[in-house]
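Working notes, beginning with the structure itself.
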Number of protein chains: 2
Amino acid sequence: MRAVQRYLKGATEPTGAVERLYRLVEADLAHVNALILERMRSDVPLIPELAGHLVNSGGKRLRPMLTLAAAQICGYQGLGHIRLATAVEFIHTATLLHDDVVDESDLRRGKAAAHVIWGNAPSVLVGDFLFSRSFQLMVETGSLRVLNILSNASAVIAEGEVMQLGTKGNIGVTEDTYLKIVASKTAALFAAAAESGAVVAQSDGLREMALKTYGHNLGIAFQLVDDALDYSGREAMMGKAVGDDFREGKLTLPVILALGKASSEEADFWRRTMVQHDQSDADLTHAIHLIDKHHAIGATLSRARQFTEEACRALNVFPDSPMRRALNDLAEFCVSRAY
Amino acid sequence: MRAVQRYLKGATEPTGAVERLYRLVEADLAHVNALILERMRSDVPLIPELAGHLVNSGGKRLRPMLTLAAAQICGYQGLGHIRLATAVEFIHTATLLHDDVVDESDLRRGKAAAHVIWGNAPSVLVGDFLFSRSFQLMVETGSLRVLNILSNASAVIAEGEVMQLGTKGNIGVTEDTYLKIVASKTAALFAAAAESGAVVAQSDGLREMALKTYGHNLGIAFQLVDDALDYSGREAMMGKAVGDDFREGKLTLPVILALGKASSEEADFWRRTMVQHDQSDADLTHAIHLIDKHHAIGATLSRARQFTEEACRALNVFPDSPMRRALNDLAEFCVSRAY
């Protein structure tokens, strides 16, 4: 039960939605958690220490759960999905370590970010270590296709992150560009996590594609909701600081939509705070007010809902089953956590 | 000829030694260089821009040459070694980008380091991109053994780098610890570059092991010489700043050996400059004087020579050939460049 609570930390209401999926993959996830701890080990003590700080901080293990669920819904009976799901979580952990250095974020999952405690250098290097470990685990699955899918995803994630750097302080960013960034930096790993689960299960191309589509759309919805919460959530609930994106001058959909309806005075406000990066504490409150005034949170969440509906539609190639229902519920939960 | 000149940039004397190896792999290396440029491409312009800054800055392409040479000495006739050598160079480039962030070095190959021009964030992310690209290339070779060797090497490199962080400002570092760090952070990639060349050529275990041993010992010698040059080289020759290790408080063999023979007054000097990190410009000159006084450069190079001899011995499983002679010469050049 502690594991469920740890997993659900960060959810508004611990609905049955996620617990249902959790129950279905619980046994596998326990193996994944054990393997995560085993493969974090190193003769260099700082590595498991720093990686453990993040790994044990109540992450939702959403991506490895996707891999496990995908393998299971394809009827997989083997053990390769355990290694694969661990590899997926290691890629995610590596990108979080690097992201926190890149964004200079101070909080991650409600704790001080690793680079704040140990500095940038070990965060970069331990990220590299976990990234290498993830490829070692994939090699152990013996599947070149899995390696292909996840090495492609890793390259796309890095591209998305670099693309996002270029949009900081740029109020000309369109919704299209924003969605392209989200598809790369977030959805690519969700898609690869789900698709590779089908591949390890040696499923057919139709099911692989269905799970990839599910993961892709779920990932976009997930990020849209995250970006909405950055202007509307409560800090304790999110485990990270509210207003991070604002302070970093990161143009996300709530701001893009509010900008689209901005008066010239409001546009000046966004220009001063996001482009010239001239911000006071009161400015975040005003930004939230403007986003609220233009119903940009509701519009962002409504976009997110479109993506979760698309995600659920993709699952129709599978016959009805407890797992399909659980994956549908996960998509639902992904948006409902914002309300 | 321009390529040869670019390659030889940084060498004290453009001896026939390296040119002989260069000539033997020249045709393959041209393909590698073309593939490097092709795979650096991305829809995100900053990626090829930043990566190109480093890739086109006259790196010696030593590691991919090793891969090509290893495949060739094993009689390989295919094309897989081109992708593999490119993957090896990408891993190297990724680690350089991350190292420069970690070490806060301002110069790399005689030019401003990428993070000085573009900042830490893109350097970290483009490193991640190149690392992912390298795994994509390995997948294309279709060899899980190659992926195994290079994912292991990548993990070991990261471990070595983290280990080195722990020794900064620590004058208790022994020669053994130092050699362990060097074996991880530098020699692991040399060893993997050579071994995987034999693997892609589907050679036998004896030859794979011989090439791995050659690469490992060459890599250690190469790093020892680099560390000696950091206290004895000329800046223009090295393409990086002299005294970097001193300024960073990085304990390398020249200092470890000088410390072993230090008077109590000299030990105080090392403690102040390396541990308390209280340094003036004149201190580097005094450090070089102390290293000189205790013949620590000569002793470091003499250790390096032992490793190159070991490297050459490993090649004895191969019959005499122009390639074997070229690899022997490369080992010789590796130390002689310091004189």
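Exactly one of (1) within 14 Å of another protein chain (Cβ to nearest Cβ); (2) touching a residue at least 40 places away in the same chain (Cβ under 8 Å) is unmet by A:L66. Its number?
So A:L66 meets the others, but not (1).
For region A:164-178: of the residues being of a type in the set (S, T, N, Q), surrounded by 17 or more Cβ atoms within 10 Å (Cβ to Cβ) and under 19 Å from B:W118 (Cα atoms), which is nearest to the other protein chains (Cβ to nearest Cβ)?
So the residue we want is A:Q164.
Go through region A:270-282 and report how many residues are surrounded by 14 or more Cβ atoms within 10 Å (Cβ to Cβ) and under 25 Å from A:V182 (Cα atoms).
5
Identify the single condition in (1) in contact (Cβ under 8 Å) with a residue 60 or more places away in the chain; (2) closer than 23 Å to B:W118 by Cβ; (3) out of contact with any helix residue (DSSP H, G or I) (no Cβ under 8 Å at 6 or more places or on another chain) that A:G119 does not satisfy, given that it satisfies every other one.
(1)
If I ask for residues that are among the hydroxyl-bearing types (S, T, Y) and exposed (fewer than 15 other Cβ atoms within 10 Å of the Cβ), which ones from region B:303-325 would you list?
Once the filter is applied, which keeps residues that are among the hydroxyl-bearing types (S, T, Y) and exposed (fewer than 15 other Cβ atoms within 10 Å of the Cβ), region B:303-325 yields only B:S321.
Scan region B:253-296 residue by residue and report those that are free of Cβ contacts under 8 Å to residues at least 24 places away in the same chain and of a type in the set (V, I, T).
Scanning region B:253-296 gives a single hit, B:T285.
Hey, A:I181 hits all of (1) facing chain B (nearest Cβ under 9 Å); (2) free of Cβ contacts under 8 Å to residues at least 40 places away in the same chain; (3) within 17 Å of the chain's Cα centre (by Cα) but one; which does it fall short on?
With respect to (1) facing chain B (nearest Cβ under 9 Å); (2) free of Cβ contacts under 8 Å to residues at least 40 places away in the same chain; (3) within 17 Å of the chain's Cα centre (by Cα), A:I181 is out only on (1).
So which residues in region B:113-163 are at the interface with chain A (Cβ under 7 Å from one of its Cβ atoms), hydroxyl-bearing (S, T, Y) and within 13 Å of B:T95 (Cα to Cα), if there are any at all?
B:S132, B:S154
In this structure, does B:V18 turn out to be modelled with pLDDT of 95 or more and touching a helix residue (DSSP H, G or I) at 6+ places or on another chain (Cβ under 6 Å)?
No; evaluated as a whole, the condition is false for this residue.
Would you check if there is a residue in region B:174-185 being of a type in the set (D, E) and farther than 29 Å from B:L68 by Cβ?
Yes, some residue in region B:174-185 is of a type in the set (D, E) and farther than 29 Å from B:L68 by Cβ.
Kindly indicate whether A:S196 is buried (at least 22 other Cβ atoms within 10 Å of the Cβ), in a helix (DSSP H, G or I), facing chain B (nearest Cβ under 9 Å) and in contact with a helix residue (DSSP H, G or I) (Cβ under 7 Å, 6 or more places away or on another chain).
So A:S196 does not fit the description; no.
Select, from B:T285, B:T300, the only residue that is surrounded by 20 or more Cβ atoms within 10 Å (Cβ to Cβ) and not hydrophobic (A, V, I, L, M, F, W, C).
Going through B:T285, B:T300 in turn, just one is surrounded by 20 or more Cβ atoms within 10 Å (Cβ to Cβ) and not hydrophobic (A, V, I, L, M, F, W, C): B:T300.
Just name the residue that is nearest to A:V101 (Cα to Cα) out of those in region B:69-100 that are of a type in the set (G, A, S) and within 14 Å of chain A (Cβ to nearest Cβ).
Filtering region B:69-100 for residues that are of a type in the set (G, A, S) and within 14 Å of chain A (Cβ to nearest Cβ), the one nearest to A:V101 (Cα to Cα) comes out as B:A94.
The values are calculated or read from the model by the stated rules, or taken from the named source; none is laboratory data. Every value quoted in this text rests on a predicted model; they were computed, and no experiment measured them. Positions of Cβ are generated from backbone atoms using ideal geometry, with glycine treated the same way; all protein chains shown enter the neighbour counts.
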